[in-house]
Structures are given as structure tokens and as C-alpha cells.
Amino acid sequence: MKRSYHIEVECANCANKMEAALQRIEGIEHAAIQFMTQKLTVEFSAAADPDAVMQKAQKVCRTIEPDCEIIF
Amino acid sequence: MTKKQRNRLYRILVAGAMMLLLLLLPIKGLLRFVLYLIPYLIIGHDILRKAFLGIRNRQMFDENFLMAVATIGALIIGLTRSGDYGEAVAVMLFYQIGELFQSYAVGKSRKSISKLMDIRPDYANIEENGALMQVDPASIAIGTVIVVQPGEKIPLDGIITEGSSALDTAALTGESAPKEVRCEDAVISGCINLSGVLKIRTTKEFEDSTVAKILDLVENASTRKAKSEAFISKFAKYYTPAVCIGAFSLAILPPLFRIVFLHTSALWSEWIYRALTFLVISCPCALVISIPLSFFAAIGGAGKLGILIKGANYLEALSYADTVVLDKTGTLTKGVFVVSEILYHTLPKEQILEYAAYAESASSHPISKSLQQAYGKPIDHNRVHEIREISGMGVMAVVDGCSVAAGNRALMQQLAISYPQESNLGTIVHLAVNGCYAGQILIADQLKPKAKTAVKALRQCGIRTTIMLTGDRKEAAAETAQQLELDAVFSELLPHEKVERVEALLSQQTPKTTLLFVGDGINDAPVLSRADIGIAMGAIGSDAAIEAADVVLMDDDPIKVASAIRISRHCMRIVRQNIIVAIGVKLICLLLGAFGIANMWLAVFADVGVMMLAVLNAIRALYIKPFSEQEELSHA
């Protein structure tokens, strides 16, 4: 399952770091952040609960940029 | 400006003014330090906070952390030795100016590019009890009649059932001349209705409509990242830690060396200062931001011209193109067959046409359509019997009791009917009636008026080989190729042979160059996906083509192929400039910093300066002139 979200991220390098960190979250097959369109595309693994995974994703992103906001 | 940006601007102005004031005031001692702390905290408190959070989250090589270390270090050195606190404030100040500039510029180009692709309809009008109601286009079912008034966007694809008007298709195709439409015409969403009220019966739901397809494509274009983007992410990953290690060694090793080997004073503060200068240059942001910005701008600029590029990786591959393979029919030619001449006829011309039109009346092939069209009268199906299609040759039928054979020379050969010399100019339909040769009909496809300039434009933007593929006859293909001055032509190819031919050409490509295939997207989807880059043209409304191609030209103007290549080369040039200048300036600053020539002022100045230059340069990718016919002719 693939979904996209709006993500507020300020610096391009942080977006890259977040992208790398998101790949390691359980339940995420693949994640891509488009800095220019502020869009996060997540491919969930079959068994994953998107909401729970996104909670975790939000947390991970905030460790990289404290003000980061994912709208889901 | 957003609230965040305005807030940052005020902080920059206040802190900047305070700093200037403090530079002029002759205050000494601890008071001076305390006074300097005020602008420092005003401008840097958020960075300090983020740095603190970064430490807690174990993000050690975070830019905020490094800026905090550098400036706090500078303050301590100031406190213990030089008494110069301005440097720490200045570093924060310039850093924030850079951040503000970057976020403003990125936001601005984000906005201007989304404005370019402003084709999303907000509502659709449906008529209910004589009154118009505005509803969400996504809620409209297929077959609903919608009303589009002058000045409104057509929200869904459909067919006009009432009214006529002119449509502005510029947002989709880049073509500025309005398109006239009438009743029964198919129209696509995203066009703006200019003059009359139109009633349209929808043929697609919103999510399948042209607008939704295009928007989806544009919005997802940056998901596919280019190699240079991957390179920069990798570089950024190693750059910051490397600079930090460099800074650490610079702070420790030279003083130790001085103590142990030179037996002189360590000069700790001097070397620590140099190390802190390193940290100021440690953020790779200029590079990281400018690369996706360049691609985004170029893809946006191309979109404005009706060239949809599906991803930064394709844009990059496009710039390495040196071979362009073009399909003939529909790409270089109009793809409309017209009966141009009737030769060697033993019967009256009208009768030849009549026989041919009747014999071919069951076929939907473009050639038989052109015969029907030239005949111009309705077909009475009772007059024709026993239609047999002979694959790859033509048809045989009984028309008005006479046996009629219409087809290519292979058919004549099979029937052992001798035929005169064929002309080279187009497709020939031979006709035999009751076993006797009756004449030949010459059917020609016409070259697009811009085809020749398009090929020239390709040469001009550095394409070395232009090759045409076609299922057409050898003679006709050679004629076209000669007219257009193409380098090679392969004719009489069946669809799967086109794929094989392209594969053979691909295997001859030198590394680092790419092969483009340009087709009309109707039946060359396999070739489109096999080539390094598949370009589908005239794709407006054709879903299969949009899906199979990497680059979609919204109209069927072949010059746009050259424009697309030009855009890609322009963009890649900018990307390379940014990579070289940004890395170069950083390395020079590191070097100067290590030798104590560059101080922190210079470091932050260069760092922010190069970022601004890179961003401004990246935005340049948005502005690129398309190839125009005039330009080509003047060069010719």
C-alpha cells in the first residue's frame, strides 16, 4: 500500500537524513521525501497499520528536525 | 513571506542593528560580553535549542549542533583572549540570513512552478432545474452533462453536446493559439473555455481525466531521483563527519606537535579557533538544496512548454542523448493518409476509387479510411460480398459481381497480375478487376510542416545520429529520410521488429550516452519503454502513451524533442556548476581556515554567499527558451 503525506521540513539535508531513517522503521517498505513539493511517499508493508507506523515516523523525523510536521 | 520567515527577518534586523551599535560603543570588560550575548541569543536561540535537542537525540553531526559549537567556542575564545565577540554573533547572523534567503527562494519557486501547472479545476457546473450548481468534479459520474462557461476551466474530459467555442490549451500544451471546438468534438480537461457556453457530456471520471493524470505525473516527478542527487546525498553524508574529524584533528594535533617536537608553546586557542572555522563551513546545505531545486525548476519550466518529464532521472538521461530514433507515421508525418493520385488507370478514376473503397469497406485501417474519404459517398453494403482480408497484402472482394483485388505488390504477384513501376512517394494500392490490372492509387502521408526544422534543431543541440523506423515501404521511407536529411532509416518493420532494432541500436551505444525513441505512443509502447528515454508525442488524452513514456509531449510538435533536450542540458550544466563551485569554495575555505588565513567572518560569508549563488543559479533552470521555427530558419 502506498500513501503520500504532506511533510513540513525546512532543510534539504534533513529531508535526506529523514528519508534514510524512515527506511529503517518496521512496517515501511520504502519511503521517499520530495523536498521541493514537501511530500512524503510511504510504501507500507502488507501487515503494517499505517497510522501506528506514521506515529513512529513522525517521532523519528522530529529527532532529526524538531519542528518537523507530518500531516496524516 | 510566511510567518516563520517574517519572524526570522525581524530577528536578523534587530540583532544586526544591535551588533552594529555594539561595534561602535567603547564598552569594555564583562559588560561588553553580556551586551553581545543579547543579539547572540536573539539571533541564535532557536539554533541553540535545536542543537540541544540534537544532542539529546544523538544527532551529533547536525548543522545546528555544529553552529552552536562554533559560536560558543568563539565566545569563549573572545572571553579568554581577544575580547572579540562580534564574530560569534556575525556567524549566527549570516547563517540565519542564508536560511531565510533559502527558504524564501525555495518557497517562491515552489509557488511559481505550481502556478505554471495551475490546471486543477475547482468545480464543475451541472444544471439542475434550470439553475447552475457548482459541484466537486470528483463527484461527477461518467455520462453527466456539465456546463462550462466562458473563462472557466473544463473540469472533466468529455464530448461537446451543445455549443461551440475557442479553447485556450496553453497550460497543457504550451501552444498559445486558441483551438476552435464544435459540437461532437472531444475536449480534454484543463483547457480554458474562451468564448461560448459549452455543454459537455463527460467520458471520464475525474481521477482518470487528463488533468488528474498530468497533475499526478508532475507531482510525482521528483520521486525519481537523478544520479547527481544521489551523489550529493552521499557526499553530504560523508562531508560533515569528515569536516568534523578534520576540525578535531586541527584542534589537537598541531598543538601537541608543537609541544612534543618543537618544544614551544602550544597556541591552543589559535588552533581551536581554526578548528571552529572548519565547523562553520561544515554544513553541506548549499549543495543539497540547489540540486533538487534545479531539477524541480527545469521540470516545471518544461511543463510550461507542454513537455512533461516524469522524473529527474529522465531529465538527466535526456541530457546525455546522442542518438534519436524517430517513428515515422504520426511523429514526423501527420499520420493522416490522403489519396494523392491515381496512376496507370485503365478504368475511369472515379470507378477505380469506387471499387477500392468498396473492397476495403470492412477494414478500419487508415489506408482504407483514406479510400472511403476520397470516394466520398456512402457505402451500400449490399453491393459488396465475400470480403477476404489477406494479411500483409490487402483484400479481395466481389463488388457488383466483379472480383476485385486491392492491395500491395505482393498481392499482385500472388495473383500473377503484372503491374507497372511503382512511384516512390507513398503507399500504393494496386487494383485488379476480374483478374486484369486496373490501376494504382497513390496514398501519401504528409510530412509535418515542422519536421525538417525539428531534425535540424536536434542536430543543433548536439544529437549525432538521427534514425527513422517505420513499417512503411522502403522507397517511401527512403524518400522521407532523404527529405529530412536523417542519418539512417529502417523500413518495412513489424512492431516487434522495431523493438529488436532499437535493442540492436542500444547495444551499439557508447557508455554515458543515451538513446531516445520518439513515437506517437499509439502502438509503440514496447519501444517507448525499451529505449533509454521514450518520448511520446501528441499524447494528450492517450493514457497508454502517458504511462509508457518517460517524457510526454502534450501536442505533436516534433521541435519539442529538441527543446526537451535543450532544457535537460541547460539544467545539467547548472547542476554541475553548482556542484563544482560549492564544493570548490568549501575546500578553499577549509584550506585557508587550516592555515589561519581565513577567519570565521570570511568562512560564514563564503558559505552563505555560495549557497545564495547556488540557489539563484538553480532557479535559472526554470527559464529556458524553447526552440522556435524562426530561430532555426535564421540559422539555416
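FYI, it's all coordinate maths here, none of it is from the lab. Note that the coordinates shown come from a computational prediction; the quantities given were computed from them, not determined experimentally. Counting neighbours? That spans all protein chains shown, and the Cβs are built from the backbone with ideal geometry, glycine included.
A few points about this structure:
- In this structure, the residue pairs whose Cα-Cα separation is over 29 Å, taken from B:K310/B:K334; B:K227/B:K448; B:K179/B:K213, are B:K227/B:K448.
- Cut-off under 5 Å, modelled amide H: who pairs with B:V489 long-range: B:M468
- What the phi angles of region B:474-486 give under the Karplus curve with 6.51, -1.76 and 1.60, with θ = phi - 60°, is a coupling list of 4, 5, 5, 5, 5, 4, 4, 4, 5, 4, 8, 6, 7 Hz, glycine and proline written as x.
- Sorted fewest first by neighbouring Cβ atoms within 10 angstrom, B:V455, B:V218 come out as B:V218, B:V455.
- For region B:124-219, radius of gyration divided by Kirkwood radius, i.e. Rg to Rh on alpha-carbons: 0.95
- Using alpha carbons only: equivalent-ellipsoid semi-axes of the protein assembly as shown, gyration tensor based, whole Å: 66, 29, 21
- Only DSSP H runs of four or more residues enter the estimate; each adds -39500 (n - 2.57), and after division by the residues of chain B the mean residue ellipticity at 222 nm equals -16500 deg cm²/dmol.
- Principal axis dimensions, region B:334-446 - Cα atoms, whole angstrom, descending: 34, 31, 28
- Look at B:Y358, B:Y375 and count the other Cβ atoms within 10 Å of each Cβ; fewest to most, that gives B:Y375, B:Y358.
- Dipole of region B:116-273, positive end: most advanced residue of B:L253, B:P150, B:I188 [Cβ charges, Cα centre]: B:L253
- About its Cα centre, region B:124-219 has a charge dipole of approximately 200 debye under the convention of +1 per Lys or Arg Cβ and -1 per Asp or Glu Cβ, with nothing else charged.
- For region B:354-402 versus region B:36-57, the gap between their alpha-carbon centres in whole angstrom: 83
- Computed over region B:1-116, the percent of Cα pairs more than 19 Å apart is 52.
- Linear extension gain, B:D543 paired with B:M60, 0.36 nm per residue minus alpha-carbon span: 169.0 nm
- Euclidean distance of C-alpha centroids, region B:234-263 and region B:523-538, integer Å: 53
- The magnitude of the dipole of chain B, with charges of +1 and -1 set on the Cβ of Lys/Arg and Asp/Glu and taken from the Cα centre, is near 3820 debye.
- Rounded to the nearest 20 debye, the dipole size of the protein assembly as shown about its Cα centre is 3620 debye, using +1 on the Cβ of Lys and Arg and -1 on the Cβ of Asp and Glu.
- Angle in degrees between helix B:268-280 and the longest Cα principal axis of chain B, rounded to the nearest 10: 20
- Compared with the dominant principal axis of the Cα atoms in chain B, helix B:285-304 is inclined by about 20°.
- Largest first and in whole Å, the equivalent-ellipsoid semi-axes of chain A read 18, 12, 11, each the square root of five times a Cα gyration tensor eigenvalue.
- Computed E for B:L132/B:Q508 - FRET, C-beta separation, R0 41 angstrom, nearest 0.05: 0.10
- D_trans [Stokes-Einstein, Kirkwood Rh over alpha-carbon pairs] for region B:205-344, 10 °C, 1.306 mPa s, µm² s⁻¹: 77
- The residues B:Y355, B:Y437, B:Y123, when put in order of fewest to most other Cβ atoms within 10 Å, stand as B:Y123, B:Y437, B:Y355.
- Among beta bridges from DSSP that stay inside chain B, the antiparallel ones total about 75%.
- Furthest towards positive pole of dipole, B:N64, B:I97, B:G107, structure part region B:57-110, Cβ charges: B:G107
- Measuring nothing but alpha carbons in chain B and taking Rh as the Kirkwood radius, the Rg to Rh ratio lands at 1.15.
- Chain B, relative contact order in percent, only Cα pairs under 8 angstrom and at least six apart counted: 14
- Taking every alpha-carbon pair in region B:55-197 and binning the separations at 5 Å intervals from zero gives 2, 8, 12, 13, 10, 7, 5, 4, 4, 5, 6, 7, 6, 5, 3, 2, 1, 0 percent.
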